[in-house]
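Structure first, then comments.
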Amino acid sequence: MVQDILHILQSVGLGAKESQLYIAGLQLGAVPASAYASTTGINRITCYNLLEDLVQRGYFTAVPRSRGRSYTPVSPEYVALEARKNAEALERALPELRSMQGSTYRKPTVRYFEGWEGVRHVYDDTLTAQGEIRNFANSAVLRRFWPNYDDEYVNERVKRGIRLRGIAPDDETGRRVHGEDREKLREIRLVPAAAFDFRNEINIYDHKVAICSFGAASRSAQDMFGVIIESKEVAETQRQIFEMAWQYAGKPAKPRIEKKEPAYRRYLA
């Protein structure tokens, strides 16, 4: 558990030794640098320098004593607040950062994820979409593997104001989900289930194409995987394919008209 907390602290901006000092401080309270060094095994001079730096950055406070200073960490709530502020600042900077990539061809980035946690990571990434998500999915298969999909994913997408257009098989689940489109910030078009029984899901958003596969009929997490392809060119091509399918989807099939053989041909035969 402590190792997990150390990784979390490092993910929000603290170094490995700084994270050790922060956890030690929560347990020790206001104590001198020597106590931190004794508890963590970090060199005393290094410990003192790190604590002084953490004071400057606002993660620790220092209290003067008759001999030296005592150090105590700020509350975990403060650390969480700073992490959120940094994440929000990065989110606001994304458009400018993307503009720095330029418009010339770039080598695609492909990330592969295994198991249920990997698939969840792919879905989490779609929630970073700056524009509309275009989607091929099987509503029944997805909800069979992820019963809380609407509560855990759809509601979060709606909360973030991300619209979705999707193409799905015309079955009982597809029709039920389609009936909730207005309140779920989406528009779904249904296609014949017998001809288009999708077994995986494809999401196209920004410069990315995300593919999630739930494996065969088994619900084993080992069979699941996800792929995120980040490429402006690939995403644009997939968008065009989706738009072509979108024009077809939802249109009723034209009835087949049997051509009757002329009467004179029947008599000749």
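The values are calculated or read from the model by the stated rules, or taken from the named source; none is laboratory data. Computed from a predicted model, the values in this text were never measured in an experiment. Positions of Cβ are backbone-derived with ideal geometry, glycine not excepted, and every protein chain shown enters the neighbour counts.
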Taking the conditions exactly as written (in a loop (DSSP other than H, G, I, E, B), at pLDDT below 90, aliphatic (A, V, I, L, M) and within 24 Å of TYR149 (Cα to Cα)), does ALA216 satisfy them or not? yes
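Let's see how each residue does on (1) over 20 Å from LEU81 (Cα atoms); (2) surrounded by 13 or more Cβ atoms within 10 Å (Cβ to Cβ); (3) in contact with a helix residue (DSSP H, G or I) (Cβ under 6 Å, 6 or more places away or on another chain); (4) of a type outside the set (S, T, N, Q):
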{"residue": "GLY29", "(1), (2), (3), (4)": "yes, no, no, yes"}
{"residue": "PRO32", "(1), (2), (3), (4)": "yes, yes, no, yes"}
{"residue": "ALA37", "(1), (2), (3), (4)": "yes, yes, yes, yes"}
{"residue": "THR40", "(1), (2), (3), (4)": "yes, yes, yes, no"}
{"residue": "GLU52", "(1), (2), (3), (4)": "yes, yes, no, yes"}
{"residue": "THR61", "(1), (2), (3), (4)": "no, yes, no, no"}
{"residue": "ARG67", "(1), (2), (3), (4)": "yes, no, no, yes"}
{"residue": "SER70", "(1), (2), (3), (4)": "yes, yes, no, no"}
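A quick yes/no check of all residues on (1) at positive phi; (2) in a helix (DSSP H, G or I); (3) under 35 Å from the mean Cα position of the chain (by Cα); (4) of a type in the set (D, E, K, R):
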site: LEU6; (1), (2), (3), (4): no, yes, yes, no
site: GLY13; (1), (2), (3), (4): yes, no, yes, no
site: LYS17; (1), (2), (3), (4): no, yes, yes, yes
site: GLN20; (1), (2), (3), (4): no, yes, yes, no
site: ILE42; (1), (2), (3), (4): no, no, no, no
Qualifying position, being surrounded by 11 or more Cβ atoms within 10 Å (Cβ to Cβ), part of a helix (DSSP H, G or I) and either of a type in the set (Phe, Trp, Tyr) or out of contact with any strand residue (DSSP E or B) (no Cβ under 7 Å at 6 or more places or on another chain) (or both), among GLU91, GLU77: GLU91
Sole residue being of a type outside the set (Ser, Thr, Tyr), at pLDDT below 90 and more than 30 Å from PRO95 (Cα to Cα), chosen from ALA221, ALA168: ALA221
Report, by residue number, each residue of the range 110-156 that is in contact (Cβ under 8 Å) with a residue 24 or more places away in the chain, surrounded by 15 or more Cβ atoms within 10 Å (Cβ to Cβ) and either of a type in the set (Lys, Arg) or not in a helix (DSSP H, G or I) (or both). ARG111, PHE113, ALA129, GLU132, ILE133, ARG134, ASN135, PHE136, ALA137, ASN138, ARG143
Here is a check on your reading of the model: is VAL55 in contact with a strand residue (DSSP E or B) (Cβ under 9 Å, 6 or more places away or on another chain), β-branched (Val, Ile, Thr), at pLDDT 90 or above and part of a helix (DSSP H, G or I)? yes
Charged (D, E, K, R) and either modelled with pLDDT of 90 or more or touching a strand residue (DSSP E or B) at 6+ places or on another chain (Cβ under 9 Å) (or both), is that true of ARG120? yes
Please find, among LEU14, LEU90, LEU81, the residue that is more than 30 Å from GLY131 (Cα to Cα), out of contact with any Cys (no Cβ under 7 Å at 6 or more places or on another chain) and of a type outside the set (Phe, Trp, Tyr). LEU14
